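Trainee: Quick one: this structure, given as structure tokens, is what I'll be asking you about.
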DNA sequence: GCCAACGTTGGC
DNA sequence: GCCAACGTTGGC
């Protein structure tokens, strides 16, 4: 079982939305590195939900991977900003996962706090200028995070 | 709203 | 294959 971190702007889709929906297809990822990370996910993996572009940005909850190899429907949707005219129905370019809601943390673990706790090598999200929206989280880092939440 | 970081596109 | 131009992300 591996740990991940997945970003979303809460205006677009938040942990509250996921709590309501229970599960959600994580669509709209159009970055190859992020896509490759998604492709290496397994059912049962856990992912920290990170709210970006908000005050404060940070980790707000936990979800799990419940389905893999999901064809991202937005690539065929002309109305979607994620529409990809190069993608063919018989050969989709973008696959993703379905995530399931696990919990909302009692308080946000802010980016500021993450910076104080982890080095850029330990946790990619604290790297300056990091724009990657899906990234792996080292087991030890994940355990520290979960412990921090229990303490909070 | 600004702007640094940085990924992508396209001309050559 | 290089790299300038361009577009987007996301913290501040």
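Trainee: Over the stretch A:102-152, what is the mean sequence separation of C-alpha contacts under 8 Å (at least six apart), divided by residue count, expressed as relative contact order in percent?
Mentor: 36
Trainee: Compute the angle between helix A:139-151 and the longest alpha-carbon principal axis of chain A, please, reported from 0 to 90 degrees and rounded to the nearest 10.
Mentor: Result, in degrees: 60.
Trainee: When a/c is below 1.5 the answer is rounded, else prolate if a/b is larger than b/c, else oblate, so apply that to the stretch A:24-71 with a ≥ b ≥ c taken from the square roots of the Cα gyration tensor eigenvalues.
Mentor: Verdict is oblate for the stretch A:24-71.
Trainee: Please tell me the relative contact order of chain A in percent, rounded to the nearest whole number, where contacts are Cα pairs under 8 Å and at least six residues apart.
Mentor: Over chain A, the number comes to 30 percent.
Trainee: With a/c under 1.5 counting as rounded, go ahead and sort the stretch A:62-149 into rounded, prolate or oblate using the C-alpha gyration tensor (a ≥ b ≥ c being the square roots of the eigenvalues; past the cut-off, prolate if a/b is larger than b/c, else oblate).
Mentor: prolate
Trainee: Whole-Å semi-axes of the stretch A:1-142's equivalent ellipsoid, largest first, each the root of 5 times a Cα gyration tensor eigenvalue?
Mentor: Over the Cα atoms of the stretch A:1-142, the semi-axes work out to 25, 16, 15 Å.
Here, each number is a calculation from the coordinates, and none is a lab measurement. Since the structure is predicted, the reported quantities are computational estimates derived from the model, not experimental observations.
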